[in-house]
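The values are calculated or read from the model by the stated rules, or taken from the named source; none is laboratory data. Please read all numbers here as calculations on a predicted model, not as lab measurements. Cβ placement follows ideal geometry from the backbone for every residue including glycine, while neighbour counts extend to all protein chains displayed.
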Amino acid sequence: MDDGGMSWQGVVPPVVISPFANERVREWPIAHYRRFIERVLCEHRVPVAIVGTRAQRVRADELVRGFSYPEVVNTAGRLSWRQLVRLIDAAPYVVANNSGIAHLAAVRGCWTLCLFSGSHSWVEWMPRGPRVVVITRVTSCAPCALGGGRCPHRTACMTDLAPDAAFELFDERRASCHRDGAAREFVTPPAGGASLAAGSAEALPGAGLPPPSTAFPPGEVTMSRHSPAFERRFTIRAAELSRPEAYRPRGEDAPPSGAVIEFDARHQQETDEEVLFYGPYISLDPGIYLFTPEGELDGKLQIRFTHQGGELIKELAIDSFGPLVLAVTRKLDAFEVVGMRTPELRSLRLQSIAVHHIDPSRN
Amino acid sequence: VLLDSGRDRPYEFYILTFFACRPMSFPQPAELAWADPLSQQSRDLVLFLLSHSALEPALRSPWLIEVRLQETDPPASLLPDTFVLDIAADELASAHCVFPRLGDAQHCILLRNVLQCVPDYRRFIAGAFTKLACGGFLIVIVPHQFLYERKLQVPSRHKRAHLRFYTPGALLAETEEALDPCCYRVRLLADNDSGFDYRAPLDTVPAGGHDIVLCLQKLAPMPWRAAMEQDESQSTAYTAPHPYLPPYDGGDRAYRVITPDAGEIRRLIVLKLDHRGDFIMAVPAFQILRRAFPAAAITLVCGSWNRQEAQDLELFDRVVAFDFFAEDPSAGTASSSDADPCEQFAALMAEEACDLAIDLRLYGETRGLLKVIEARHKAGFDPHDEFPWLTIPLNLPAPTITGRAEQGVILANKFHTRDGEHLAFAVIFPAGLIMAQGQSLIWGPYVTLGPGHYDFEVLVEPGMEDFELCYDLAADGGQRILGAGVIRVERARFARLTLASLRAIKQFEFRLMAQSAGAAPPFRFMGLRYRRQGVYTGVHQREAMALLAHLVALRLEHPYTVNRVMGDPDG
């Protein structure tokens, strides 16, 4: 998937936070969003993506400043509407004011927390959908239809809507809906979300923008009240892995989409480069990972799992392609799979690596 | 000036030589001589830096901090007299942690080709910046995406550790994310392509400069920065007494939490208690409800006279007769029972708990019956917010009521006069009064008229011969003129006026004025007769009930419940 120049691969889909609206009186204070994000990072242990328009980017900068990247990513002004829809489809939940993003998330069946100001009647304008929680302050001056005007009460309906209370009310309601069966089906992405699949990337809205290293994967995220564990499957394609210069045809930039990584000892004896492939520099959340290479292997291949530019996590030699288990106990950045030749390696044909992530601690 | 940190000469020499000249004069490129191991690319970069006068204050710093990767080859610092902070590959994830080792108030920190390898660029930039003194400089050098990488997306074709690619815009965007824009100014943002070989193939590292250089200067804290947080649209400063009541009444500081309702609609009770014609018009609504809730058990409660027709429809699982109204009110066949119908109905429905109850009668008499039914959702018409306990109210106006014609007379005693005399229900103007042109004779009554089309009849009679008077119609106590003209005061008939207003007319005023100066003829003013024309727009009863049924179906597609949760505004 591409998200405004970002190749989200291999990390948990982020919570989407849309802190803006067409009228300032409808917006929750930035300080409240900051506190809310702190709770998300601390207690839900999922990354956060801030969404907005290009004009809102400066204010989005205010919000993300001080938070780590890529725990909190500022996508304001960098996503097309279609990319935004995909991001929302994959998100564990969306937090927004009374704005278009709240309505979008609601109708797409995403868990949505709408922080609704007193400027409008919630009866008339709140987002509607199967997994929507709307929180308002009960104020006697609402609805005021203030629009772009000044609020004489320092927008009490929003400033007094405490972030800790909102976080806890949402969490509690979401959990109780799971228990009661309101979320009868909790599979994201819903219809259309399969477009997250690898190979569906569309042209980047700004090719010059730097693609951050971390990304969430193409694939399917499943969270169900019937199975408390968080599960996710995605694929690392050969095209996402890099090859040393010695093993790539001269002038080739990177393997084209759908390409395979091939090695044949009979034709490549002249090079002493041990590394056959490496990448894809993704972030991994804690959990159990099953890596299943797909292709053909003749002989012995050395596999190294590393992170942060080479720190070894696990190393093993394989002589056939089957599931490789990796237990990740803490979040890993710049995760890398390195394939290395051994004297016993005769040939290799690697098409992709299927990844199955299970996090039993999350529901 | 000899730039030499090579193997043959002591590094101190290099430092001393360059440092010696630095505070005195900025070296010109021609004055520089090079020695290994500073690479050609590094030399190009130094020349590039020295060629920008905007960087002169930064490079003149008595003390430079260069932050770079440990593996940087050759190991020489870019500039002499530099304290080097190396970041090892396994430190990159926490690269921002290197800065606490530095003392505060640094004059210049140079991030040399390291940012692209640091996962958390935001904290890394901020960490370096916080170590600067006010007026100090942060210089960031990163490889250019379209000079060094020459790729559209990661991974890098040259360095596996490069996590991101940079353009000047991308570098600035990361900086703006990391730093408060009020605390720095950009002194230089430039591409270094000096000597770059644009014809070099993609799989080579081209010779020449291939960097982006960004230089920021740290500013002293702005005294207005904190105030900037208080956006003007968020509050209003008052100099006069606060004109508004507080937003929380009676200390009730609560949250309203609207959450998905997990329950399904399995049992449904529909009330249609009025007469035969009303029942016939409700059939489309019945059909809509059946389609919307195909698996629900639907009980219809209707007058006994409609029971058979209801059963014949085959839309209901059960039909219950309850005669709230008389079958034929014109015959005076009202129920002889003195019992409260709501109590009777409550007894009838005692065992009839359901998920949804709907009253399809437009008028509110039967809404009390709905109230006694035990149901999670209750739906009905409520145009005037009379039944706040309805969970699905439809505030559809009833054209017969809201559009009804109105008529009446505003008697003369509601009007004011100065020259005339109030006598019973008239104002008498005797003969011989001398008036100025345009002098007001009658004014009032300052009442509110609803929106609509009005016909007025001015009840004024001449004492002798016919004559003419000026008039005007105004709103807001005379401040806004709606119409004006001349009426003829005749014995045979009253003058008629018309007025149309889409909005309510507050403090409606009608005035009669003298048309000309001189002696006015005698006349008698008895008031103003008015009629507001009826409005025939709106929806048919059949449509209204169908709309209510559709509303219920749509609302319960994603049902919700509303709860009040007490909470302190502060958290």
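Only one of the numbered conditions (1) surrounded by 24 or more Cβ atoms within 10 Å (Cβ to Cβ); (2) free of Cβ contacts under 8 Å to residues at least 24 places away in the same chain; (3) in a helix (DSSP H, G or I) is not met by residue A:123, and that is (1). The set of residues in the range B:86-114 being assigned to a strand (DSSP E or B) and either under 44 Å from the mean Cα position of the chain (by Cα) or under 19 Å from residue B:49 (Cα atoms) (or both) consists of B:107, B:108, B:109, B:110, B:111, B:112. Tell me yes or no: at least one residue of the range B:282-294 is more than 14 Å from chain A (Cβ to nearest Cβ), in a loop (DSSP other than H, G, I, E, B), out of contact with any Pro (no Cβ under 6 Å at 6 or more places or on another chain) and without any contact (Cβ under 8 Å) to a residue 24 or more places away in the chain. The answer is yes, given that some residue of the range B:282-294 is more than 14 Å from chain A (Cβ to nearest Cβ), in a loop (DSSP other than H, G, I, E, B), out of contact with any Pro (no Cβ under 6 Å at 6 or more places or on another chain) and without any contact (Cβ under 8 Å) to a residue 24 or more places away in the chain. Whether a residue is within 20 Å of residue B:534 (Cα to Cα) and not polar (S, T, N, Q) was assessed, and residue B:403 passes this test. Considering only residues in the range B:379-414 that are of a type in the set (Asp, Glu) and assigned to a loop (DSSP other than H, G, I, E, B), the one that is surrounded by the fewest Cβ atoms within 10 Å (Cβ to Cβ) turns out to be B:385.
Table: residues versus (1) more than 12 Å from chain B (Cβ to nearest Cβ); (2) in contact with a strand residue (DSSP E or B) (Cβ under 7 Å, 6 or more places away or on another chain).
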position	(1), (2)
A:22	yes, no
A:27	no, yes
A:32	no, no
A:63	no, yes
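The condition of being touching a residue at least 24 places away in the same chain (Cβ under 8 Å), over 19 Å from residue B:39 (Cβ atoms) and among the hydroxyl-bearing types (Ser, Thr, Tyr) holds for only one of B:198, B:184, that being B:184.
Reported count of residues in the range B:48-67, each being surrounded by 17 or more Cβ atoms within 10 Å (Cβ to Cβ) and in a helix (DSSP H, G or I), is 7.
Here is the figure for the range A:222-252: residues that are at pLDDT 80 or above, in a strand (DSSP E or B) and either farther than 18 Å from residue A:336 by Cβ or of a type in the set (D, E, K, R) (or both) total 1.
Taken over the range B:532-555, the criterion of being surrounded by 16 or more Cβ atoms within 10 Å (Cβ to Cβ) and either among the charged types (D, E, K, R) or within 24 Å of residue A:117 (Cα to Cα) (or both) is satisfied by B:532, B:555.
In the range B:134-179, the residue that is nearest to residue B:96 (Cα to Cα) out of those that are within 7 Å of another protein chain (Cβ to nearest Cβ) and basic (Lys, Arg) is B:164. Only residues that are crowded, with 19+ Cβ neighbours inside 10 Å and farther than 20 Å from residue A:116 by Cβ were counted across the range A:29-49, and they come to 4.
Would you be able to say whether some residue in the range B:537-545 is away from chain A (no Cβ under 14 Å) and among the acidic types (Asp, Glu)? Please lay out each step first, then the result.
The first filter runs over the range B:537-545 and keeps only residues away from chain A (no Cβ under 14 Å), leaving B:537-545.
Then keep just the ones that are among the acidic types (Asp, Glu); that gives B:543.
The answer is yes; a qualifying residue exists.
Residues satisfying the criterion are absent from the range A:270-283 (criterion: within 14 Å of another protein chain (Cβ to nearest Cβ), crowded, with 16+ Cβ neighbours inside 10 Å, part of a loop (DSSP other than H, G, I, E, B) and free of Cβ contacts under 8 Å to residues at least 60 places away in the same chain).
Could you tell me whether residue B:87 is at pLDDT 95 or above and of a type in the set (A, V, I, L, M)? No, not satisfied.
Can you confirm whether residue B:500 is in a loop (DSSP other than H, G, I, E, B) and either modelled with pLDDT under 95 or surrounded by 12 or more Cβ atoms within 10 Å (Cβ to Cβ) (or both)?
Details: in a loop (DSSP other than H, G, I, E, B): no; either modelled with pLDDT under 95 or surrounded by 12 or more Cβ atoms within 10 Å (Cβ to Cβ) (or both): yes.
It is false that residue B:500 is in a loop (DSSP other than H, G, I, E, B) and either modelled with pLDDT under 95 or surrounded by 12 or more Cβ atoms within 10 Å (Cβ to Cβ) (or both).
Scan the range B:201-216 for residues that are exposed (fewer than 14 other Cβ atoms within 10 Å of the Cβ) and either within 20 Å of residue B:66 (Cα to Cα) or more than 12 Å from every other protein chain (Cβ to nearest Cβ) (or both) and the total you get is 1. Could you say whether any residue in the range B:104-118 is modelled with pLDDT under 90 and surrounded by fewer than 17 Cβ atoms within 10 Å (Cβ to Cβ)? There is at least one residue in the range B:104-118 that is modelled with pLDDT under 90 and surrounded by fewer than 17 Cβ atoms within 10 Å (Cβ to Cβ). Note on the range A:50-78: residues that are more than 16 Å from residue A:114 (Cα to Cα) and not in a helix (DSSP H, G or I) total 15.
Checked against (1) over 26 Å from residue B:543 (Cβ atoms); (2) at pLDDT below 95, residue B:321 meets all criteria but (2). In the range B:87-103, the qualifying residues are those that are of a type outside the set (A, V, I, L, M) and within 14 Å of chain A (Cβ to nearest Cβ), and the one that is surrounded by the most Cβ atoms within 10 Å (Cβ to Cβ) is B:96. Give the residues of the range A:129-176 that are closer than 23 Å to residue B:261 by Cβ, at the interface with chain B (Cβ under 7 Å from one of its Cβ atoms) and among the small types (Gly, Ala, Ser), sorted by residue number. Within the range A:129-176, A:129, A:165 qualify. Considering only residues in the range A:116-127 that are over 23 Å from residue B:246 (Cα atoms) and in contact with a strand residue (DSSP E or B) (Cβ under 8 Å, 6 or more places away or on another chain), the one that is nearest to the other protein chains (Cβ to nearest Cβ) turns out to be A:126. Of all the residues in the range A:79-105, those that are more than 17 Å from the chain's Cα centre (by Cα), surrounded by fewer than 24 Cβ atoms within 10 Å (Cβ to Cβ) and part of a helix (DSSP H, G or I) number 3.
Within the range B:120-133, which residues are buried (at least 23 other Cβ atoms within 10 Å of the Cβ) and either more than 7 Å from chain A (Cβ to nearest Cβ) or touching a strand residue (DSSP E or B) at 6+ places or on another chain (Cβ under 6 Å) (or both)? Walk me through how you get there before you give the answer.
Step one: filter the range B:120-133 for residues buried (at least 23 other Cβ atoms within 10 Å of the Cβ), giving B:121-122, B:124-125, B:128, B:132.
B:124, B:125, B:128, B:132 - these are the residues of the range B:120-133 that are buried (at least 23 other Cβ atoms within 10 Å of the Cβ) and either more than 7 Å from chain A (Cβ to nearest Cβ) or touching a strand residue (DSSP E or B) at 6+ places or on another chain (Cβ under 6 Å) (or both).
Of all residues in the range A:137-160, those satisfying the criterion of being within 34 Å of the chain's Cα centre (by Cα) and within 19 Å of residue B:563 (Cα to Cα) are A:137, A:157, A:158, A:160.
Condition check for residue B:189 on (1) free of Cβ contacts under 8 Å to residues at least 40 places away in the same chain; (2) within 14 Å of chain A (Cβ to nearest Cβ); (3) buried (at least 16 other Cβ atoms within 10 Å of the Cβ); (4) of a type outside the set (Asp, Glu): one failure, at (2).
Checking each residue in the range B:222-244 for being surrounded by 11 or more Cβ atoms within 10 Å (Cβ to Cβ), of a type outside the set (D, E, K, R) and modelled with pLDDT of 80 or more picks out only B:222.
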